[in-house]
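Laboratory data are not the source of any read-out in this text; all were calculated from the coordinates shown. Bear in mind that the values here come from a model prediction, so they are computed numbers and not experimental data. Virtual Cβ from ideal backbone geometry, glycine too; neighbours counted across all protein chains shown.
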Amino acid sequence: MRAVGIEAMNVYAGTACVDVEALAGHRGLDMTRFANLLMKEKTVALPYEDPITYGVNAARPLIDAMTPEEKDRIEVVITCTESAFDFGKSMSTYFHKLLGLNRNCRLFELKNACYSGIAGLQTAANFVLSSVSPGAKVLLIATDISRFMTEAGGEGLTDDWSFFEPSSGAGAVAAIVSDQPHVFRIDVGASGYYGYEVMDTCRPAPDKEAGDADLSLLSYLDCCEKAFMEYQSRVEGADLAKTFTYLAMHTPFGGMVKGAHRNIMRKVAKAKPADIEEDFQRRVSPSLHFNQRVGNTMGASTLMAIASTIEHGNFDEPRRIGCFSYGSGCCSEFFSGVVTREGQERVRAQGIGSQLGRRHTLKMDEYDELLATSHLVKFGTRNASLDPSFVATARGVHGRETLFLKEIKEFHREYEWV
Amino acid sequence: MGVTPAEDSAVNQEDILQLIIQHARDVLPSLEGRELSPTDSLRELGANSMDRSEIVMMTLEAIDMDMPLAETIKASNIGELAQLLADRKAGLTA
């Protein structure tokens, strides 16, 4: 079997964040058991940040590190998202232009709620494995944001917010998928997928998150078990407790991953409570660091959990990561891949942790002002000019060229490097 | 407290309700000393969504039953939850 997987990857999580506990307190949420949710910070999209700026800022270091010949071998750009601002035009077209890619390239966008990133990864891997264009590479960009906004008249601050607002983040993961999987080598064919129609959480109208968080949680738990059982039936000798040194799962918030891990370890691996806690700390907690600081990045979340595991795990010897993705609606997949010390060095070279640390922490009055300003870039905006003086300190935090949205002209989005 | 499947394979609704109450007390120590009735909802008793799924899973395990957790969303209080599980159990074992 030919090798396939992630050749290079990077995370970008914006220029501003809020402390989630401060936000929950600000909203008057019940804080008695807040620590169980395992949330710390979340990235907040400023008006001049959108899914394109997140995606380009994630991908740019990967593209800059390539030779012109390697860059020309990018023959597919897949955008994985539920935050697109156009039903027809794909965001891949913007990525293609802003990153200066070869025009002999397939450009398209892919959606299935939080499953999109892994649907994209597997689609990319299958393109590489098909060998229809030997040596070709895929640029995969999973990018999602949640933009909360208050309108005059008070509409917007609904009950739904109490769950979604503290957990919904913003961010992107960019990955080069090729036959040189230096970072994450996919176990080809080792996949259990499981999907069915359910109305759990969704975005039924522009800029609106809605649905039943309880049902989504239960469906996630069901799918985690069913997808793993399918993986096990396809992979001879697969053992949840022993086959994977680490587990990386879609992370709406850390507490949900902890619950899903507890459930599947008890049910499938017949593990005892004390062992489950130790197992969680050892095998799962490395995956949580980035997501705990960024919030739920939807389509990018499972890839972010994989990146976090590679950054924080021990890869002195090659190790296998078991991965689980769940997207509302729903579809899920349990799959696996192998990471070496070289892969860890390549991910660590991106400096993702220090990038997260440089974000500007919004004070609550800044955050509330942002909610009142965000409608400037709501879905369907035809013309707008973004004010660079809004939370101006955030724009320079990374100390390197960063892409921002400059204006919207007749629906076309125009960007600037700052 | 309650019955185990070994003692009685036809677990009835009242037994399941008692198991739900027992597990709710295990997960939510704040319920100590409080009388619970079938019309109580776990949410109103202070259980968040993680707690509620935990209580359902513990109960399913105790009655040796497997069903999609998502189906239990229909129950709006612990009495309805007990009935739903008892109906499914009866359907499966009939």
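Expressed as an acute angle from 0 to 90° and rounded to the nearest 10, what is the orientation of the C-alpha long axis of helix B:49-62 relative to the principal long axis of chain B?
Between helix and principal axis, roughly 30 degrees.
For the range A:280-343, what is the charge dipole size about the Cα centre, in debye to the nearest 20, if Lys and Arg each add +1 at the Cβ and Asp and Glu each add -1 at the Cβ? Write down the numbers at each step before the final one.
Details: 6 positive and 5 negative charges, 33 e Å.
That gives a dipole near 160 debye.
Test of understanding: what is the full-extension gain from A:Ser389 to A:Arg103, defined as 0.36 nm times their sequence separation minus their Cα-Cα distance?
Numbers: separation 286, 0.36 × 286 = 102.96 nm, distance 3.58 nm.
Length gained, A:Ser389 through A:Arg103: 99.4 nm.
For the range A:320-418, which GluC sites (Glu not before Pro) are in a loop by DSSP, counting at most 14 other Cβ atoms within 10 Å? Mind showing how you got there, number by number?
On the way: sites: A:Glu333, A:Glu342, A:Glu345, A:Glu366, A:Glu369, A:Glu401, A:Glu407, A:Glu410, A:Glu414, A:Glu416; in loops: A:Glu401, A:Glu410.
Here the GluC sites (Glu not before Pro) that fit, given the DSSP loop and packing criteria, are A:Glu401, A:Glu410.
In which sequence would A:Val268, B:Val27 go, from the one with the fewest C-beta neighbours within 10 Å to the one with the most? Don't jump to the answer; show the numbers that get you there.
Details: A:Val268 16, B:Val27 20.
The most exposed by this proxy come first: A:Val268, B:Val27.
Subtracting the Cα-Cα distance from 0.36 nm times the residue separation, let me have the gained length for A:Arg234 to A:Glu414 in nm, one decimal. Please list the in-between numbers first.
On the way: separation 180, 0.36 × 180 = 64.80 nm, distance 4.72 nm.
So the extension gain works out to 60.1 nm.
Taking amide H positions as placed in the peptide plane 1.01 Å from N, state which residues far from A:Leu107 in sequence (5 or more) or on other chains have amide H under 5 Å from it.
Close amide H contacts, sequence-distant or interchain: A:Val77.
Given the DSSP H assignment, sum -39500 (n - 2.57) over each helix run of at least 4 residues in chain B and divide by its residue total; what's the result at 222 nm in deg cm²/dmol, nearest 500?
On the way: 3 runs with 45 residues, N = 94.
Per the formula, -15500 deg cm²/dmol.
Counting only helical runs of four or more DSSP H residues, what would the 222 nm mean residue ellipticity of chain A come to if each run contributes -39,500 (n - 2.57) and the total is spread over all its residues? List each step's numbers first, then the result.
On the way: 14 runs with 142 residues, N = 418.
Only helices count here, giving -10000 deg cm²/dmol.
Around A:Ala248, which amide H atoms from residues at least 5 apart in sequence, or from another chain, sit under 5 Å from its own amide H, with H modelled in the peptide plane?
Amide H neighbours of A:Ala248: A:Gly322, A:Cys323, A:Phe324.
Mind sorting B:Thr39, A:Thr81, A:Thr251, A:Thr150 by how few other Cβ atoms lie within 10 Å of their own Cβ, fewest first?
Numbers: B:Thr39 11, A:Thr81 27, A:Thr251 30, A:Thr150 16.
Result, fewest neighbours first: B:Thr39, A:Thr150, A:Thr81, A:Thr251.
Mind giving me the nanometre distance, one decimal, between the label points for A:Ala372 and A:Glu401, set 7 Å out from Cα along Cα→Cβ?
3.7 nm
Residues of B:68-75, mean number of Cβ from any other protein chain within 10 Å of their own Cβ, rounded to a whole number?
Details: counts 9, 10, 15, 3, 3, 9, 1, 0.
That works out to 6 on average.
Which GluC sites (Glu not before Pro) from the range A:204-240 combine a DSSP loop assignment with at most 10 other Cβ atoms within 10 Å?
Details: sites: A:Glu209, A:Glu225, A:Glu230, A:Glu236; in loops: A:Glu236.
Qualifying residues, ordered by number: A:Glu236.
Could you give the angle, 0 to 90 degrees to the nearest 10, between helix B:13-27's Cα long axis and the longest principal axis of the Cα atoms of chain B?
40 degrees
With only Lys, Arg, Asp and Glu charged, each at its Cβ (+1 for the first two, -1 for the last two), find how big the charge dipole of the protein assembly as shown is about the Cα centre; round to the nearest 20 debye. Each step should come with its number before you reach the end.
Numbers: 52 positive and 71 negative charges, 356 e Å.
Using Cβ point charges on Lys, Arg, Asp and Glu, the protein assembly as shown gives about 1720 debye.
Averaging sequence separations of C-alpha pairs under 8 Å and six or more residues apart, then dividing by the length of chain A, give the relative contact order as a whole percent. Spell out each step's value before the answer.
Values: 921 pairs, mean separation 102.8, N = 418.
25 percent.
With charges only on Cβ, +1 for K and R and -1 for D and E, what is the dipole size of the range B:13-93 about its Cα centre, in debye, rounded to 20? Write down the numbers at each step before the final one.
Details: 7 positive and 15 negative charges, 36 e Å.
Computed about the Cα centre, the dipole is about 180 debye.
Using the Cβ atoms and a cut-off under 10 Å, what net charge is assigned to the surroundings of A:Thr245, where Lys and Arg are +1 and Asp and Glu are -1?
On the way: positive: A:Lys242, A:Arg282, A:Arg283, A:Arg319, A:Arg320; negative: A:Glu317.
That works out to +4.
Please work out the FRET efficiency for the pair A:Arg282 and B:Glu32, using the Cβ-Cβ distance as r and a Förster radius of 45 Å; give the result to the nearest 0.05. Present the calculation step by step, with values, prior to reporting the outcome.
On the way: r = 33 Å, r/R0 = 0.73.
Computed FRET efficiency for A:Arg282 and B:Glu32 comes out at 0.85.
Just to verify a number: FRET efficiency for B:Asp87 and A:Lys89, C-beta to C-beta distance, R0 = 60 Å, to 0.05? The partial results should precede the final answer.
Values: r = 50 Å, r/R0 = 0.83.
Once the sixth-power term is evaluated, E becomes 0.75.
With both bridge residues required to lie in chain A, what share of the DSSP beta bridges run antiparallel, to the nearest 5%? Each step should come with its number before you reach the end.
Working: 47 of 66 bridges.
Close to 70 percent.
If R0 is 51 Å, what FRET efficiency do you get for B:Asn12 and A:Asn126 from their C-beta distance, rounded to 0.05?
Values: r = 51 Å, r/R0 = 1.00.
After rounding to 0.05, the efficiency reads 0.50.
Using 0.36 nm times the number of residues separating A:Ser133 and A:Cys202, minus their current alpha carbon distance, what extension gain do you get? Please list the in-between numbers first.
Details: separation 69, 0.36 × 69 = 24.84 nm, distance 3.66 nm.
That works out to 21.2 nm of additional length.
Starting from the range A:5-89, pick out the chymotrypsin sites (Phe, Trp or Tyr not before Pro) whose DSSP state is loop and whose Cβ has at most 11 other Cβ atoms within 10 Å. Each step should come with its number before you reach the end.
Values: sites: A:Tyr12, A:Phe34, A:Tyr48, A:Tyr54, A:Phe85, A:Phe87; in loops: A:Tyr48, A:Phe85, A:Phe87.
Loop-located and lightly packed - A:Phe87.
Give the residue from B:Ile16, A:Ile321, B:Leu31 lying farthest towards the positive end of the charge dipole for the protein assembly as shown; charges sit on Cβ (+1 for Lys and Arg, -1 for Asp and Glu) and the dipole is referred to the Cα centre.
Towards the positive end, the residue furthest out is A:Ile321.
If each of A:Thr67 and A:Ala3 carries a label point 7 Å out from its Cα toward its Cβ, how far apart are those two points in nm?
So the label points at A:Thr67 and A:Ala3 sit 1.7 nm apart.
For the range A:189-260, what class follows from the C-alpha gyration tensor (a ≥ b ≥ c being the square roots of its eigenvalues): rounded when a/c is under 1.5, otherwise prolate if a/b is larger than b/c, else oblate?
Numbers: a/c = 2.76, a/b = 1.93, b/c = 1.43.
Cα axes put the range A:189-260 in the prolate bin.
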